[in-house]
Amino acid sequence: MDFSFLASDSWVYVWIVLPILIILARITDQTIGTLRLIFLSKGFRILAPVLGFFEVIIWLLAVSQIFHHLDNWFTYVAYGLGFAFGNYIGIVLEQRISLGNVIVRIVPKYDTTELISYLKERNYGITSVDAEGSRGPVKVIFSIIKRKDIDDFVAIIKRFNPNAFYTIEDVRAVHEGVIHNTPSRSVFQSFGFHTRKAK
């Protein structure tokens, strides 16, 4: 079979194969870069530099090819597309992995007795304080939960206090306190793969 079209000086390579390779390289390095920044913000001091090493190597390979083909505007478009897709994929992966903890602040509009009671039954740590809102006295509920528990926690809020105002923010570190524990899962399960237990 003739593979001459893959030669670096062939038009097929320059105008089709090379842009595709650049897109893939940029998707890879930008995905790694997005994850690296997220891991860095979460305090993963070893994993972040390792990812940074591979990110830079792949980036250098992509950029060097662009400098070797400055007259090929397809490479510029490929570079931009790879950057955009890489950012998106990195964010999606981070959401699937669901690392770290968040703080949830709730300002309910109705009685909070059942909401607080149910959250405690589910082993969520709760701190409740009285506060003054623009329309009078309110109750503010604080809870620090794992990111993978956000959907469950929000569903509980909507069930007992559907019109409650709430905010969710990342937390860098947590010391002591009550943190809701969900069954641990592997990295493969985070991406939607399920493993079977040995019989």
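Quick rundown of the values:
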| read-out | value |
| --- | --- |
| Criterion violated by residue 41 - all others in (1) surrounded by 13 or more Cβ atoms within 10 Å (Cβ to Cβ); (2) more than 21 Å from the chain's Cα centre (by Cα) satisfied | (2) |
| Failed item in (1) in a helix (DSSP H, G or I); (2) free of Cβ contacts under 8 Å to residues at least 12 places away in the same chain; (3) among the aromatic types (Phe, Trp, Tyr), with residue 44 passing the rest | (1) |
| Residue within region 52-70 that is assigned by TED's automatic domain parsing to the domain that holds residue 83, closer than 21 Å to residue 170 by Cα and touching a Phe, Trp or Tyr at 6+ places or on another chain (Cβ under 9 Å) present | no |
| Residues within region 138-159 that are modelled with pLDDT under 90 and over 23 Å from the mean Cα position of the chain (by Cα), tallied | 2 |
| Number of the condition not met by residue 87 [criteria: (1) assigned by TED's automatic domain parsing to the domain that holds residue 41; (2) modelled with pLDDT of 90 or more] | (2) |
| Residues located in region 101-138, provided they are assigned to a strand (DSSP E or B), of a type in the set (D, E, K, R) and farther than 13 Å from residue 166 by Cβ | 130, 132 |
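The values are calculated or read from the model by the stated rules, or taken from the named source; none is laboratory data. Note that this is a predicted model, so its numbers are computed, not measured. Virtual Cβ from ideal backbone geometry, glycine too; neighbours counted across all protein chains shown.
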